[in-house]
């Protein structure tokens with residue numbers, strides 16, 4: 001499969017988040033039991049979004065060292081492993097860590113990097129958390145605009 005990366009504009013905005021997902025669930029109960037305020041909540045509606053999600057996001061902006069940010073996220077959620085597993089079982093939820101990464105097409109720019117160290121892998125295994133990556137092209141020097149003219 002040779003799909004193209006999606007274009008996201010002219011500014012890099014990297015971030016990652018931890019989420020609870022299911023068709024329908026009471027996101028307030030997750031907030032109360034975890035004692036963590038989500039950065040966003042999506043409630044399933046007719047067509048979009050396709051599921052309900054409770055999310056805790058960490059913004060990396062233009063920083064290309066995403067390993068620092070996964071560590072910050074793990075610092076917050078790792079102490080809650082038992083609660084996370086309890087919530088998953090109680091409300092039939094799945095969990096996910098989502099990376100949203102802009103890759104600058106400027107040949108002078110470095111690409112974002114990160115690693116999933118042993119601590120992170122152990123967290124993922126203990127909670128059955130999936131990892132997902134969304135990659136987007138970012139054009140900070142206007143190459144795409146010049147090509148379309």
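Taking N as the number of residues in the range 51-111, what value does Rg over Cα atoms divided by 2.2 N^0.38 Å take?
Values: Rg = 15.3 Å, N = 61, 2.2 N^0.38 = 10.5 Å.
Relative to the 2.2 N^0.38 Å estimate, the range 51-111 comes out at 1.45.
With both partners inside the chain, how many of the DSSP beta bridges are antiparallel, as a percent to the nearest 5?
On the way: 19 of 31 bridges.
Here the share of antiparallel DSSP bridges comes out near 60 percent.
Considering the alpha-carbon set of the range 17-99 alone, what are its Rg and its Dmax in angstrom?
Rg and Dmax of the range 17-99, Cα atoms, are 13.2, 38 Å.
Roughly how many Å is it from the Cα centre of the range 30-94 to that of the range 108-145, as a whole number?
The range 30-94 and the range 108-145 have Cα centres spaced 16 Å from each other.
Select one label from (i) 14.6, 45; (ii) 17.3, 56; (iii) 17.1, 59: the one whose number is Rg and Dmax of the Cα atoms in Å as derived from the coordinates shown.
Working out Rg and Dmax of the Cα atoms in Å from the coordinates points to (ii).
Here, each number is a calculation from the coordinates, and none is a lab measurement. No experiment lies behind these values; they were computed from the predicted model shown.
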